[in-house]
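Sharing a structure with you now.
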Amino acid sequence: MTRAVMLLAVAMLLVACETPYSRAAPKPATPQSVILQPGDLPGMHRCDTSGEVTAVLNDEKIRKSPAYDVNAAEWEQWKRQGAIAASFAVYGRTAADCAAASGSTTGAPQGGLVVGLVVQFRDTNGAALNYQRDSTLMGLGPRDIRFIELAGGTTTFGQATGLGADSAVGSVQVAGADYFVARWLNRRFQSEFVGYDMAFDDADNAVKDVNRRILHA
């Protein structure tokens, strides 16, 4: 028997002996694994204010951020409603955009900014109940869609958004800047998204990338 044939025989034997238990099980989805990734937003980079919500809140507390008390109280409320984990992501085109998002400078971002939040619940019932509540977390929530409506923008709800039955997408231009908002519920995950000064298609594709990861988890 030649060496090549012997190696092939060994390889076939190993495959035949492989059991389902020997294969690595897929890792369960988490807010960090499904939230906005660099590949979702070409030309933008992740800001330092991103991370697990508990870490973000701890950083706000250390920096004595005026938003800390409200954000921390809201997170405690969400946990009572069944939330078990959450991830917060901020992306900007420039370092100045990230600084504007963190509140370390004044004024609006100049190159574009995206803020995303994904919250995981203990079960689908808890997630569905929370989605119907008028709850805000990390500054994101139903009022973002109301802002679009009050500003005379376009809103779409339900299956027409491409994000499922429990979803809303809106866009509007205010003072020369384009705003995009999306919020939706999928399984045990509630997601919130706000885009500032970015093209509708870019923002829409990014949220659908997030939703696709949830679906395939």
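Could you put Asp144, Asp134 in order, starting from the residue whose Cβ has the fewest other Cβ atoms within 10 Å? Intermediate values should be presented prior to the final figure.
Details: Asp144 21, Asp134 8.
With the fewest neighbours first, Asp144, Asp134 line up as Asp134, Asp144.
Sticking with this one: Give me Rg over Rh for the range 31-215, both radii from the alpha carbons and Rh done the Kirkwood way, two decimal places.
Values: Rg = 15.3 Å, Rh = 16.4 Å.
Ratio value, two decimals: 0.93.
For Ser33 and Ala177, compute 0.36 nm times the residue count separating them, minus their Cα-Cα distance, and round to one decimal in nm.
Value of the extension gain: 48.8 nm.
Hey, fewest Cβ within 10 Å first, where do Cys98, Cys47 land in order?
Cys47, Cys98
Something else now. First select every other residue whose beta carbon is under 13 angstrom from the beta carbon of Val53; then total the charges, Lys and Arg +1, Asp and Glu -1.
Local charge sum for Val53: -4.
Around Tyr68, under 10 Å between beta carbons, what's the net of Lys plus Arg minus Asp minus Glu among the other residues?
Taking every Cβ under 10 Å from that of Tyr68, the sum is 0.
Here is a follow-up. At 7 Å along the Cα-to-beta-carbon direction for both Ile84 and Arg122, put a label point, then send me their distance in nm to one decimal.
Once both label points are built, they end up 0.9 nm from each other.
Between Arg187 and Ala199, what length in nm is gained on full extension when 0.36 nm per residue of separation is reduced by their alpha carbon distance?
Between Arg187 and Ala199, full extension yields 1.5 nm more.
How long is the gain from Arg63 to Ala151 if the chain were fully straight, where each residue apart is worth 0.36 nm and the alpha carbon distance is subtracted?
Gain on stretching Arg63 to Ala151: 28.3 nm.
Check cross-link reach from Lys61 to the lysines: straight Cα distance under 27 Å, and skip same-chain residues fewer than eight apart.
Leaving aside lysines fewer than 8 places away in the same chain, those within reach of Lys61 are Lys79.
Throughout, read-outs are computed from the coordinates displayed, never taken from laboratory work. Just so you know, these numbers come straight off a predicted model, no measurement behind them. Neighbour counts are summed over all protein chains in view; Cβ atoms, including those assigned to glycine, are modelled from backbone coordinates with ideal geometry.
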